[in-house]
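Here the structure comes first, spelled out in C-alpha coordinates, and everything after it is commentary.
The values are calculated or read from the model by the stated rules, or taken from the named source; none is laboratory data. This one's a predicted model, so the numbers in the text were calculated from it and none came from an experiment. Quick reminder, even Gly has a Cβ in these numbers, built from the backbone with ideal geometry, and neighbours come from all protein chains shown.
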Amino acid sequence: MIAMTSIAEYRMLLVEDDLALASMVSEFLTPHGFDIAIERRGDLAVERIKAEQPDVVILDVNLPGLDGFSVCRIVRDHFQGPILILTARGEESDEVVGLDAGADDYMAKPVRPRALLARLKTHLRKGPSSETPARRIELGSLTVDASRRTVEVAGEPIDLTTAEFDLLWLLAQHPGEVLDRNDIYQQLHGFKYDGIDRSIDLRVSRLRKKLGDDSHQPERIKSVRGVGYILVGEP
(Lines give C-alpha, C1' and ligand atoms only; values in the text may rest on other atoms or scores of the structure.)
Protein backbone atom coordinates (compact mmCIF):
# COMPACT_ATOMS: atom_id res chain seq x y z
CA MET A 1 0.00 0.00 0.00
CA ILE A 2 1.53 3.31 -1.13
CA ALA A 3 0.26 6.85 -0.87
CA MET A 4 1.33 10.13 -2.44
CA THR A 5 0.21 13.33 -0.76
CA SER A 6 0.11 16.81 -2.24
CA ILE A 7 -2.09 19.86 -2.33
CA ALA A 8 -4.62 18.67 -4.87
CA GLU A 9 -8.11 19.21 -6.20
CA TYR A 10 -9.02 15.54 -6.62
CA ARG A 11 -8.42 12.41 -4.56
CA MET A 12 -7.80 9.25 -6.54
CA LEU A 13 -7.49 5.61 -5.55
CA LEU A 14 -5.38 3.81 -8.15
CA VAL A 15 -5.80 0.04 -7.79
CA GLU A 16 -2.82 -1.41 -9.63
CA ASP A 17 -0.33 -4.14 -8.68
CA ASP A 18 2.24 -3.09 -11.30
CA LEU A 19 4.28 -0.64 -9.24
CA ALA A 20 6.19 0.69 -12.25
CA LEU A 21 2.93 1.61 -14.00
CA ALA A 22 1.40 2.97 -10.79
CA SER A 23 4.43 5.18 -10.20
CA MET A 24 4.38 6.46 -13.77
CA VAL A 25 0.70 7.36 -13.56
CA SER A 26 1.17 9.00 -10.16
CA GLU A 27 4.17 11.06 -11.25
CA PHE A 28 2.30 12.33 -14.29
CA LEU A 29 -1.04 13.10 -12.65
CA THR A 30 0.14 14.58 -9.35
CA PRO A 31 1.22 17.94 -10.88
CA HIS A 32 -2.20 18.11 -12.55
CA GLY A 33 -4.09 18.32 -9.27
CA PHE A 34 -4.43 14.70 -8.15
CA ASP A 35 -3.69 13.33 -4.70
CA ILE A 36 -3.14 9.65 -5.48
CA ALA A 37 -3.29 6.66 -3.15
CA ILE A 38 -2.21 3.32 -4.58
CA GLU A 39 -3.68 -0.02 -3.56
CA ARG A 40 -2.21 -3.24 -4.92
CA ARG A 41 -4.92 -5.73 -3.92
CA GLY A 42 -8.48 -5.88 -5.20
CA ASP A 43 -9.96 -7.27 -1.99
CA LEU A 44 -8.43 -4.47 0.09
CA ALA A 45 -9.54 -1.89 -2.47
CA VAL A 46 -13.21 -2.69 -1.84
CA GLU A 47 -13.17 -1.48 1.76
CA ARG A 48 -10.92 1.47 0.95
CA ILE A 49 -13.28 2.73 -1.74
CA LYS A 50 -16.28 2.43 0.57
CA ALA A 51 -14.51 4.06 3.51
CA GLU A 52 -12.43 6.75 1.80
CA GLN A 53 -14.87 7.77 -0.96
CA PRO A 54 -12.23 9.22 -3.30
CA ASP A 55 -13.23 11.46 -6.17
CA VAL A 56 -12.26 8.85 -8.76
CA VAL A 57 -11.12 5.23 -8.88
CA ILE A 58 -8.92 3.61 -11.51
CA LEU A 59 -9.06 -0.20 -11.49
CA ASP A 60 -6.72 -2.64 -13.16
CA VAL A 61 -8.45 -5.86 -14.24
CA ASN A 62 -5.90 -8.43 -13.12
CA LEU A 63 -5.37 -7.92 -9.39
CA PRO A 64 -4.42 -10.21 -6.50
CA GLY A 65 -7.20 -10.96 -4.05
CA LEU A 66 -10.07 -9.88 -6.31
CA ASP A 67 -10.19 -8.90 -9.97
CA GLY A 68 -11.08 -5.38 -11.03
CA PHE A 69 -14.44 -6.34 -12.53
CA SER A 70 -15.53 -7.86 -9.21
CA VAL A 71 -14.29 -4.85 -7.27
CA CYS A 72 -16.31 -2.54 -9.52
CA ARG A 73 -19.43 -4.67 -9.23
CA ILE A 74 -19.21 -4.81 -5.42
CA VAL A 75 -18.58 -1.11 -4.79
CA ARG A 76 -20.80 0.37 -7.48
CA ASP A 77 -23.83 0.73 -5.22
CA HIS A 78 -21.68 2.34 -2.50
CA PHE A 79 -19.57 4.71 -4.60
CA GLN A 80 -21.06 7.36 -6.89
CA GLY A 81 -17.85 8.76 -8.38
CA PRO A 82 -16.27 7.80 -11.71
CA ILE A 83 -14.64 4.37 -12.07
CA LEU A 84 -12.21 3.77 -14.93
CA ILE A 85 -11.12 0.24 -15.86
CA LEU A 86 -7.67 -0.52 -17.29
CA THR A 87 -7.74 -3.44 -19.73
CA ALA A 88 -4.56 -5.29 -20.59
CA ARG A 89 -5.41 -6.06 -24.21
CA GLY A 90 -8.12 -3.56 -25.02
CA GLU A 91 -10.38 -6.37 -26.13
CA GLU A 92 -14.03 -5.53 -26.62
CA SER A 93 -15.06 -8.37 -24.30
CA ASP A 94 -13.09 -6.82 -21.43
CA GLU A 95 -14.58 -3.42 -22.15
CA VAL A 96 -18.14 -4.74 -22.18
CA VAL A 97 -17.64 -6.71 -18.96
CA GLY A 98 -16.20 -3.64 -17.24
CA LEU A 99 -18.99 -1.33 -18.36
CA ASP A 100 -21.61 -3.91 -17.47
CA ALA A 101 -20.07 -4.12 -13.98
CA GLY A 102 -20.71 -0.39 -13.58
CA ALA A 103 -17.51 1.23 -14.79
CA ASP A 104 -17.88 4.67 -16.36
CA ASP A 105 -15.01 4.31 -18.81
CA TYR A 106 -12.10 2.10 -19.80
CA MET A 107 -8.63 2.46 -21.26
CA ALA A 108 -6.38 -0.11 -22.86
CA LYS A 109 -2.82 -0.65 -21.73
CA PRO A 110 -0.19 0.56 -22.31
CA VAL A 111 -1.59 3.65 -20.63
CA ARG A 112 -1.13 6.93 -22.47
CA PRO A 113 -0.82 9.51 -19.67
CA ARG A 114 -2.15 12.49 -21.62
CA ALA A 115 -5.13 10.51 -22.90
CA LEU A 116 -5.83 9.31 -19.37
CA LEU A 117 -5.70 12.88 -18.06
CA ALA A 118 -8.16 13.99 -20.76
CA ARG A 119 -10.58 11.20 -19.79
CA LEU A 120 -10.28 12.08 -16.12
CA LYS A 121 -10.96 15.77 -16.77
CA THR A 122 -14.09 14.81 -18.69
CA HIS A 123 -15.43 12.63 -15.88
CA LEU A 124 -14.38 14.97 -13.07
CA ARG A 125 -15.61 18.21 -14.51
CA LYS A 126 -17.50 20.26 -11.98
CA GLY A 127 -21.22 19.73 -11.54
CA PRO A 128 -23.79 21.75 -13.47
CA SER A 129 -23.84 24.45 -10.78
CA SER A 130 -20.39 25.66 -11.87
CA GLU A 131 -20.87 25.26 -15.62
CA THR A 132 -24.55 25.93 -16.25
CA PRO A 133 -27.28 27.74 -14.36
CA ALA A 134 -28.73 25.71 -11.49
CA ARG A 135 -31.85 24.02 -12.81
CA ARG A 136 -34.53 21.60 -11.76
CA ILE A 137 -36.49 19.62 -14.34
CA GLU A 138 -39.73 17.82 -13.52
CA LEU A 139 -41.08 15.31 -16.02
CA GLY A 140 -44.12 13.68 -14.50
CA SER A 141 -42.94 11.63 -11.53
CA LEU A 142 -39.27 12.14 -12.47
CA THR A 143 -37.38 15.07 -10.95
CA VAL A 144 -33.80 15.87 -11.93
CA ASP A 145 -32.09 18.61 -9.92
CA ALA A 146 -28.84 19.78 -11.52
CA SER A 147 -27.90 22.15 -8.71
CA ARG A 148 -27.88 19.34 -6.13
CA ARG A 149 -27.23 16.55 -8.65
CA THR A 150 -30.15 14.56 -7.28
CA VAL A 151 -32.84 12.45 -8.91
CA GLU A 152 -36.23 11.43 -7.55
CA VAL A 153 -38.97 9.19 -8.89
CA ALA A 154 -42.36 9.76 -7.26
CA GLY A 155 -40.57 11.52 -4.40
CA GLU A 156 -38.15 8.66 -3.78
CA PRO A 157 -34.43 9.48 -4.15
CA ILE A 158 -32.49 7.47 -6.73
CA ASP A 159 -28.73 6.97 -6.37
CA LEU A 160 -26.89 7.49 -9.64
CA THR A 161 -23.23 7.49 -10.51
CA THR A 162 -21.67 10.66 -11.90
CA ALA A 163 -21.79 9.30 -15.45
CA GLU A 164 -25.38 8.10 -15.09
CA PHE A 165 -26.52 11.49 -13.81
CA ASP A 166 -24.74 13.33 -16.62
CA LEU A 167 -26.52 11.19 -19.22
CA LEU A 168 -29.92 11.54 -17.57
CA TRP A 169 -29.48 15.31 -17.22
CA LEU A 170 -28.62 15.56 -20.90
CA LEU A 171 -31.72 13.58 -21.89
CA ALA A 172 -33.89 15.53 -19.43
CA GLN A 173 -32.94 18.80 -21.09
CA HIS A 174 -34.44 17.47 -24.34
CA PRO A 175 -37.64 15.64 -23.33
CA GLY A 176 -39.45 14.03 -26.23
CA GLU A 177 -36.49 14.71 -28.50
CA VAL A 178 -34.36 11.97 -30.03
CA LEU A 179 -30.67 12.41 -29.24
CA ASP A 180 -28.41 10.45 -31.53
CA ARG A 181 -25.28 8.76 -30.25
CA ASN A 182 -22.98 11.30 -31.90
CA ASP A 183 -24.69 14.14 -30.01
CA ILE A 184 -24.55 12.21 -26.74
CA TYR A 185 -20.89 11.32 -27.11
CA GLN A 186 -19.97 14.84 -28.14
CA GLN A 187 -21.75 16.32 -25.13
CA LEU A 188 -20.53 13.81 -22.55
CA HIS A 189 -17.08 12.87 -23.83
CA GLY A 190 -16.03 15.66 -26.14
CA PHE A 191 -15.49 13.37 -29.13
CA LYS A 192 -17.55 11.64 -31.80
CA TYR A 193 -19.08 8.20 -31.48
CA ASP A 194 -16.83 5.58 -33.07
CA GLY A 195 -19.65 3.21 -33.94
CA ILE A 196 -18.31 0.51 -31.61
CA ASP A 197 -18.27 1.79 -28.03
CA ARG A 198 -21.19 0.40 -25.97
CA SER A 199 -20.71 2.54 -22.87
CA ILE A 200 -23.76 4.74 -23.51
CA ASP A 201 -25.98 1.71 -24.21
CA LEU A 202 -24.91 0.04 -20.97
CA ARG A 203 -25.37 3.27 -19.05
CA VAL A 204 -28.91 3.57 -20.40
CA SER A 205 -29.55 -0.01 -19.31
CA ARG A 206 -28.44 0.80 -15.75
CA LEU A 207 -30.53 3.98 -15.74
CA ARG A 208 -33.63 2.08 -16.78
CA LYS A 209 -33.14 -0.39 -13.97
CA LYS A 210 -32.67 2.33 -11.36
CA LEU A 211 -35.62 4.37 -12.62
CA GLY A 212 -37.91 1.34 -12.59
CA ASP A 213 -38.22 1.23 -16.37
CA ASP A 214 -38.93 -2.12 -18.05
CA SER A 215 -35.72 -3.17 -19.80
CA HIS A 216 -37.65 -5.22 -22.41
CA GLN A 217 -40.37 -2.66 -23.10
CA PRO A 218 -39.01 0.65 -21.77
CA GLU A 219 -41.51 3.46 -21.38
CA ARG A 220 -39.33 6.21 -19.91
CA ILE A 221 -36.06 5.99 -21.85
CA LYS A 222 -36.84 4.62 -25.28
CA SER A 223 -34.45 3.42 -27.95
CA VAL A 224 -34.71 4.66 -31.50
CA ARG A 225 -33.12 1.93 -33.58
CA GLY A 226 -30.03 3.04 -35.43
CA VAL A 227 -30.26 6.56 -34.02
CA GLY A 228 -30.13 6.97 -30.24
CA TYR A 229 -32.42 7.56 -27.27
CA ILE A 230 -35.39 9.65 -26.20
CA LEU A 231 -36.60 10.51 -22.70
CA VAL A 232 -40.38 10.45 -22.49
CA GLY A 233 -41.95 13.03 -20.20
CA GLU A 234 -44.22 10.55 -18.43
CA PRO A 235 -44.56 6.87 -19.30
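What to note about this one:
- Only one entry of 160, 142 meets the criterion of being under 18 Å from residue 210 (Cβ atoms), modelled with pLDDT under 90 and either crowded, with 17+ Cβ neighbours inside 10 Å or not hydroxyl-bearing (Ser, Thr, Tyr) (or both), and that entry is 160.
- Strands (runs of 3 or more DSSP E) within the range 10-80 that include 1 or more residues under 15 Å from the mean Cα position of the chain (by Cα) and free of Cβ contacts under 8 Å to residues at least 12 places away in the same chain: none
- Exactly one residue out of 170, 188 is in contact (Cβ under 8 Å) with a residue 60 or more places away in the chain and closer than 19 Å to residue 146 by Cα: that is 188.
- When the residues of the range 206-227 are filtered to those that are under 19 Å from the mean Cα position of the chain (by Cα) and either modelled with pLDDT of 90 or more or not in a helix (DSSP H, G or I) (or both), the one that is surrounded by the fewest Cβ atoms within 10 Å (Cβ to Cβ) is 209.
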